[in-house]
Amino acid sequence: MSDGSSPIVNVYRANPRGWIIVLFIFAALSAVFSARAALGLIMPTWEQDLGWDRTFLSGGGSLVLVFMTLISPLAGNLLDRVGPRPVVCAALICVGASIASTSLMTEPWQFIVLFCIVGGLGYGSLAAPQASAAVAQIFEDYRGLATGIATSGASGGLLLGMPLLALAVEWVGWRVSFAGFGLIIIALAPIAWFLMTPASRTSASTDTIATGGSLPDRLRLIARNSTFWLLLTGFVICGFTTSGVIEVHLIPYAISCGYPRFESAAALGVLSGANMAGMILAGFLADRVHRPLLMGAIYFFRALSFLILMQITGNPELLFLFAIVFGIFDYSTMPVLASIVSTHVGVRVMGLTLGLLFAGHSAGAAAGAFMGGYFFDNFQSYDWVWIVSIALALVAAVLSWLIRETPGSEGAATPATA
């Protein structure tokens, strides 16, 4: 019988501890993504203070991506086997120790070891895939909405955390700021330990963890799944059209169109804000609509948004319109992807599956970043970058629409092949 409570209250009452964990994951991802993005913020300062050139520092950023790609499937597999508690705690300690110890560095090898390797292991162990898999073990109802809110912390870090870190660097200097920020991240680890108890996981996820099987068996289970390959191909394209060409080349493209650096960066900030809204909305819809159609629609409208981008010269309104539209259809694939994986591949291999998909996303991002520079160097224009991105995003949409919806198969270990 209804007690007259509002829908929001009823959603919270369905899993109070779970929603507290969702808010914690949001905060943790915000901190981790801010730490990861700190290289771009501090790069000019390190060039002046430490005498290191931009090629060396940029190479370090690439090394971070390499270690993230390598560790993500392993961290996901460990999360499947033992639950999110030790994985999240270890990741927070790694990231916090990396940032805090970086404040003491004076030699190039210290940057490689402390910031790139230790940090890369932490960043790859607590990213959107691991957060999504953690939420899947805590929620059965409202899983899509919970995933959308939790993973939107990735955008929250860029929107909220980076300006605060920038202010701290201006106020007290980068060494004190990094030391303090690192200690704050480390302090999140014991909170994660007390929040993410085994009792917080659903009974279904606990049972599947107990019978997880060996890593080769789990990889074979995933490899036999046709839905996984459709998702993987689409997610490689997703990496190309988001982290690759937009996060790397949007600001240079806007500057080449005549916009000042501040206005270009402001557009990226607006995009991050729209990202948060898009992820939460997509998570809400993933609980209610045909998910493959939703995923395909996200890719389709992302493709259309590039048409706006190609017309921004001399029209700042179009630049910010693109930032809003693209932002809504940027990271919003993540909660939908996580929801499809949970039903079509299975909760018991969800961490490993999302880790593998994230590795594909990183590979696509690397290709997009490289090809963006290659096309510009050869044609002195980004037009072909956006044309290729439109075509690829439309391909990803079609691949998503080939996935069959299977309502009622939550937690299934094996899917019906498409």
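Bear in mind that the values in this text are calculations on the coordinates, not laboratory data. All of these numbers come straight from a predicted model, not from anything done at the bench. Note: ideal-geometry Cβ built from the backbone for every residue, glycine included; neighbour counts use all protein chains shown.
In table form, for the structure just shown:
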| quantity | calculated |
| --- | --- |
| Proxy reagent accessibility, fewest Cβ within 10 Å first, across ILE42, ILE237 | ILE42, ILE237 |
| Cβ crowding within 10 Å averaged over residues, with 182-193, 80-91 ranked highest first | 80-91, 182-193 |
| Listed residues PRO260, LEU356, ASN315: farthest to the positive end of the dipole of region 212-418 (Cβ charges) | LEU356 |
| Table column - 3J(HN,Hα) (Hz), region 226-239, Karplus curve with 6.51, -1.76, 1.60, x for Gly and Pro | 5, 4, 4, 5, 5, 5, 5, 4, x, 6, 4, 5, 4, x |
| For peptides 223-229, 374-380, sequence by mean Cβ density within 10 Å, most packed first | 223-229, 374-380 |
| Cβ-placed point charges (K, R +1; D, E -1), dipole of the chain about Cα centre in debye, nearest 20 | 860 debye |
| Euclidean distance of C-alpha centroids, region 131-174 and region 242-272, integer Å | 21 Å |
| Semi-axis lengths, Å, region 212-418, gyration tensor of Cα atoms, sqrt of 5 times eigenvalues | 33, 17, 13 |
| Dipole magnitude of region 212-418, debye to nearest 20 (Cβ charges: Lys/Arg +1, Asp/Glu -1, about Cα centre) | 600 debye |
| Cα-based equivalent ellipsoid, the chain: semi-axes from gyration tensor eigenvalues, Å | 32, 27, 20 |
| Principal axis dimensions, region 1-206 - Cα atoms, whole angstrom, descending | 69, 35, 24 |
| Shape of region 294-384, Cα gyration tensor, a/c cut at 1.5 | oblate |
